[in-house]
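Scroll down for the structure; my scribbles are underneath it.
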Amino acid sequence: MDHSVVKRLRQEVGDRLAQQRRADAASGLAPMSPEDERQFARALISMVLDEFARGEITLGRRPPSAEEEEALAAGVHAALFGVGRLQPLLEDPEIENIDVNGCDRVFIGYADGRETMAEPVAESDDELVELIQILAAYSGLSSRPFDTANPQLDLRLPDGSRLSAVMDVTARPSLSIRRARLGKVFLSDLMGNGTFSPEIGAFLRAAVLARKNIMLAGATNAGKTTMLRAIANEIPAHERLITVERALELGLDQFPELHPNCVAFEQRLPNSEGQGAISMAELVRRSLRMNPSRVIVGEVLGDEIVTMLNAMTQGNDGSLSTIHANSSMEVFNRVATYAIQSEERLPIEASHMLIAGAIDFVVFIEKRNDYAHGGRLRRYVSSIREVTGVDGRVLSSEVFAAGPSGAAMPAAPISCLDDLADQGYSPSNSAVW
């Protein structure tokens, strides 16, 4: 497919679509819904392709075949409403990560751990930047700039994938996309793919129903967000959920059949004058005034930690969050470090006291490309730690610890077992839900 033709046709269709929007507004008509606009665009694409074919015949050139015309139509539609040449990669169910180091350096990571190089996703680096800018303008709750003054970008694509892009701080514009391969995911799905055992699945379900505060930890791309979705989907449908994220990714509000009363908050960046920013900490504070049953923080990375921990100790039981860490034990020091750097500047002892009063369980997810098992990328829960108190530092007990295969197995006794038992959990028959 000639991508220069796609770009030209996309411009033509986009101009006609914009003209129709202006005509509707001048006539006092309501704006088209997103679905109506897509349907109208399909009609425009068909019209523009007919004109293109007649033009080729007039110039003595072969018009596109039926198959080529279909490919051009799909390419124009993807350029208008999707992510251009990235669209086929996002539609491949086996692709998990897409790394672009300039328009023609594209690396694909598959779910089984394989990595390959792919075709260019743009004709030039300038076109790649333009593509990212289009995505930044229409993804998320508000437009996000991506230019020399704002060289970093994080956003959630329409399919739920996470995009991170940079420019000017690298030799060439670069982006990474982490695919959301499991949108509506449940604990049973993660048990089925070997992330954890049925016993741990029963434990997590009971911990959620018992309104325990759970922090999920692991390395980048370990599957923390996917597991957070699965755990959150065990929350009863009548509860009101507030999610707080830097860039919308969880998507719990996208499934009203599971969470009919869910509000998603997204951090807002400052405008070109440096005004209008709304931080994660402010959003967490605001969420507490919105009558939440539970507050879910997508990823803890900074000063929102103190506000979140305070919320957990003030009656907002059952909160969930994720954090980057290298072990379940390291989580406490990581949280304390964020607390020291926060506006409150909590000393280490106060941080540990706050952690001990707020967090009930830390679940650590391991990521390993295990060549001993066929070279497949493995993600699995390797540790679950229960917070039991504080004595100058956080005291904890590893209730599930890594076994011979690395996967977590029952270890120390659970001190809050009675609470979990009230929700149907029993170590002796925990595999039976």
If you take the residues of segment 351-373 that are touching a Leu at 6+ places or on another chain (Cβ under 6 Å) and not in a helix (DSSP H, G or I), which of them is farthest from residue 321 (Cα to Cα)? 369
Any idea which of 304, 299, 282 is touching a helix residue (DSSP H, G or I) at 6+ places or on another chain (Cβ under 6 Å), of a type outside the set (Val, Ile, Thr) and over 30 Å from residue 413 (Cβ atoms)? 304
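Please determine, by comparing only the residues of segment 279-294 that are assigned to a helix (DSSP H, G or I) and of a type in the set (Gly, Ala, Ser), which one is surrounded by the fewest Cβ atoms within 10 Å (Cβ to Cβ). Reasoning before the result, please.
In the first step, residues of segment 279-294 are kept if they are assigned to a helix (DSSP H, G or I); the result is 280-287.
Now drop any that are not of a type in the set (Gly, Ala, Ser), which leaves 281, 287.
Working: 281: 20, 287: 24.
Taking the candidates together, the pick is 281.
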If only one of 311, 232, 325 is modelled with pLDDT under 85 and of a type in the set (Gly, Ala, Ser), which one is it? 311
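When segment 260-277 is examined, which residues are found to be part of a loop (DSSP other than H, G, I, E, B) and either loosely packed, with under 12 Cβ neighbours inside 10 Å or modelled with pLDDT of 85 or more (or both)?
Listed by number, the residues that qualify are 260, 261, 267, 272, 273, 274, 275, 276, 277.
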Is it the case that residue 70 is more than 28 Å from the chain's Cα centre (by Cα), more than 21 Å from residue 136 (Cα to Cα), open to solvent by 60 Å² or more (accessible area, probe 1.4 Å) and of a type in the set (Asp, Glu)? yes
Give me the strands (runs of 3 or more DSSP E) completely within segment 87-161, filtered to those with at least 2 residues that are in contact with a Gly (Cβ under 9 Å, 6 or more places away or on another chain) and either surrounded by fewer than 15 Cβ atoms within 10 Å (Cβ to Cβ) or at pLDDT below 85 (or both), ordered by residue number. 115-118, 152-156
Mind listing just one residue for me: the one in segment 302-350 that is more than 23 Å from the chain's Cα centre (by Cα), of a type in the set (A, V, I, L, M) and outside any helix (DSSP H, G or I) and, of those, surrounded by the most Cβ atoms within 10 Å (Cβ to Cβ)? 346
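The values are calculated or read from the model by the stated rules, or taken from the named source; none is laboratory data. The structure presented is a predicted model; accordingly, all values stated were derived computationally and were not measured. Using ideal geometry, Cβ is built from the backbone for each residue, glycine included, and neighbour counts are taken over all protein chains shown. These area figures cover heavy atoms from the full protein model, side chains too; ligands, DNA and RNA do not enter into them. Shrake-Rupley method; radii C 1.70, N 1.55, O 1.52, S 1.80 Å.
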